[in-house]
C-alpha cells in the first residue's frame with residue numbers, strides 16, 4: 001500500500017550495498033526536508049517484500065522504530081532505558097534478520113537522558129551497533145547531521161552516509177506521473193499532465209523555502225482536494241439560479257403591497273416576475289437533475305476504480321502467497337469484468353455531458369496556480385501569463 005518510488009534506484013542500490021557489508025553496514029540517509037529520504041526506505045521495503053534484493057537481504061525484515069512512541073509516557077527514571085533494552089533484545093534475538101529504520105535519527109542523541117546521569121539512546125545503541133547485533137537505517141537532514149551527529153565521532157563511524165539530493169525538474173515530473181494514480185484514486189478526480197508540469201514549474205519558481213518533490217506533491221494533493229470538495233458542493237450556476245429566485249421572491253413580496261394599493265406598473269412587473277420565477281424554477285429543476293446524475297456516475301466510477309485497485313493488490317498478495325489459482329481468477333475474471341463496468345459508466349457520463357457539462361473532474365494548471373497564489377500571494381493570472389510567455 002506504499003506509494004511507488006520513482007527515480008531513486010541509485011540511492012536504494014547504495015543502501016543495499018551498505019547493508020550487504022560485513023562491517024559498518026548501517027546506512028544513514030542525509031538530505032534536505034522533503035527530498036524523499038523516507039520514500040527511498042519505502043522503495044527498499046517494497047523491493048524486500050517482492051524479493052527483488054540480493055540473497056543476503058531476502059530473509060530480512062525492515063521495521064520502523066518510532067522514538068516518539070518509545071518516549072511517550074516515560075515519567076520515571078529507567079522507563080525509557082527498559083523499553084529500548086527490550087527492543088534491542090528482540091532485534092538481537094532475531095540474529096540479524098531485523099533491520100530498524102530510525103527516521104529523524106538525530107533525536108537519538110539526548111533521548112531518554114536526564115540530569116541524574118542516565119544514558120541517552122545513542123550511547124545505549126553504540127555497543128550493539130559496533131558488534132553488528134543491532135542494524136539500522138537512519139534518516140536526517142544535513143543541518144541536523146552536522147549539528148548533532150558530527151559532534152560524536154564514535155556514532156559517525158557506525159553509519160555510512162547516503163546523500164539524497166533534491167531531484168531535478170525532469171525527475172520530479174517523472175515522480176509525479178508515477179504518483180498521479182494514487183492521488184486520482186484517493187480524491188476521485190483526474191489529474192492532467194498540464195497540472196503536473198505546472199506543479200513542478202510553479203513550485204520551483206515561487207515556493208523557494210521548500211524542496212522538490214515534496215512541495216510539488218503537496219500542490220497536486222491540495223488542488224485535487226479542492227476540486228473534490230467543489231464536486232461534492234452544488235455547482236456555481238445552480239447556486240446562482242437559487243440566489244436569483246430568492247431575490248425575485250423578495251421583490252415579489254414587496255410588489256404585492258403596491259398591487260394591493262392599485263399601482264398599475266407594479267401589477268405588470270409582478271406578472272413578469274412570476275413568469276421569470278417559473279422559468280428559473282423549471283431550468284433549476286432540470287439542472288439539479290442533471291447535476292445529480294453526473295455526480296452519481298462520477299461516484300460510481302470512483303468506486304469502480306477503488307475496486308480495481310483492491311483487486312490488483314489482492315492479486316499481488318496471492319502471487320506472493322503462491323496461490324496461482326486465485327491470481328488467475330482475479331486477473332482473467334474479476335479485473336476484466338470490473339473494467340467493462342468502468343467503460344460502461346464512462347460512456348454513460350459522456351452521453352450525459354455531451355450537450356451541457358456541469359461538473360469538471362480534471363485538475364488543470366489553473367487549479368495548481370490557485371493553490372500557489374493561496375500559499376504565496378502571487379496573483380494567479382500573473383503566474384499563468386508567465387508560463388504562457390515561456391512557452392511562446
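Taken together, the values in this text are just the output of simple stated rules run on the coordinates, not laboratory data. All of these numbers come straight from a predicted model, not from anything done at the bench. Glycine also receives a Cβ, built like all others from the backbone with ideal geometry; neighbour counts cover every protein chain displayed.
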Requested in this report: Give the distance, in whole Å, between the Cα centre of segment 24-59 and the Cα centre of segment 298-352.
Outcome: 30
**Report entry** Simple label model, 7 Å out from Cα along Cβ direction - residue 208 to residue 344, nm
**Finding:** 5.6
Report task. Select from 355, 316, 214 the residue whose mean-square fluctuation is largest in a Gaussian network model of the chain (Cα-Cα springs shorter than 10 Å). Result -> 355
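Could you quote the convex hull projected area for segment 270-392, Cα atoms only and averaged over all directions, in nm²? Display every interim value, and only then the final one.
Values: hull surface 57.1 nm².
Mean projected area for segment 270-392: 14.3 nm², to one decimal.
Report the gain in length on full extension from residue 21 to residue 256: 0.36 nm times residue separation, minus Cα-Cα distance, nm rounded to one decimal. Kindly include the intermediate steps, with their values, before the conclusion.
Numbers: separation 235, 0.36 × 235 = 84.60 nm, distance 9.05 nm.
Taking residue 21 through residue 256 to full extension adds about 75.6 nm, to one decimal.
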Query raised in the report: Which value in deg cm²/dmol, rounded to the nearest 500, describes the helix-derived mean residue ellipticity at 222 nm for the chain, given -39,500 (n - 2.57) per DSSP H run of n ≥ 4 and division by the residue count?
Result: -21500 deg cm²/dmol
Query raised in the report: Among 30-41, 158-169, what's the highest-first ranking by average C-beta atoms within 10 angstrom per residue?
Result: 30-41, 158-169
Report summary line: So the compactness index of segment 198-248, its C-alpha Rg divided by 2.2 N^0.38 Å, takes the value 1.76
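How would you rank 186-195, 42-51, highest first, on the average number of other Cβ atoms within 10 Å across their residues? Intermediate results must be reported in sequence, preceding the final value.
Values: 186-195: 18.8, 42-51: 17.1.
Sorting 186-195, 42-51 by mean packing, highest first, produces 186-195, 42-51.
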**Report entry** Residue of 170, 184, 275 that the Gaussian network model of the chain assigns the largest fluctuation, springs spanning Cα pairs under 10 Å
**Finding:** 275
Report summary line: So for R0 = 30 Å, FRET eff. of residue 334-residue 52 from the Cβ-Cβ r, to 0.05, ends up at 0.70
Query raised in the report: What is the gain in length, in nm to one decimal, between residue 265 and residue 230 on full extension, counting 0.36 nm per residue of separation less the C-alpha to C-alpha distance?
Result: 8.4 nm
Requested in this report: Round to the nearest 0.05 the FRET efficiency obtained for residue 355 and residue 281 when R0 = 30 Å and r is the Cβ-Cβ distance.
Outcome: 0.90
Query raised in the report: By what distance, in whole Å, do the Cα atoms of segment 303-361 stretch along each of the three principal axes, largest value first?
Result: 50, 18, 9
Requested in this report: Any chance you could give the angle, 0 to 90 degrees and rounded to 10, that helix 37-50 forms with the longest Cα principal axis of the chain?
Outcome: 80
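If you take the C-alpha gyration tensor of segment 147-300, multiply each eigenvalue by 5 and take the square root, what semi-axes do you get, largest first, in whole Å? It would help to have the intermediate numbers written out before the result.
Numbers: eigenvalues 707, 67, 33 Å².
Output for segment 147-300: semi-axes of 59, 18, 13 Å.
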Query raised in the report: To the nearest 10 degrees, how steep is helix 9-19 against the longest Cα principal axis of the chain, on a 0 to 90 scale?
Result: 30
Query raised in the report: In the Gaussian network model of the chain, springs joining C-alpha atoms below 10 Å, which of 348, 267, 89 carries the largest mean-square fluctuation?
Result: 267
**Report entry** segment 128-156 versus segment 181-238: alpha-carbon centroid distance in Å
**Finding:** 37
Requested in this report: Please give the helix 169-187 orientation as an angle from the longest Cα principal axis of the chain, in degrees from 0 to 90, rounded to the nearest 10.
Outcome: 60
**Report entry** Contact order normalised by residue count of segment 277-381, Cα under 8 Å, 6+ apart, percent
**Finding:** 31
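Contour minus end-to-end for residue 292 and residue 97, with contour as 0.36 nm per residue of separation and end-to-end as the Cα-Cα distance? Please report the intermediate quantities before stating the final value.
On the way: separation 195, 0.36 × 195 = 70.20 nm, distance 5.49 nm.
Additional length available on full extension: 64.7 nm.
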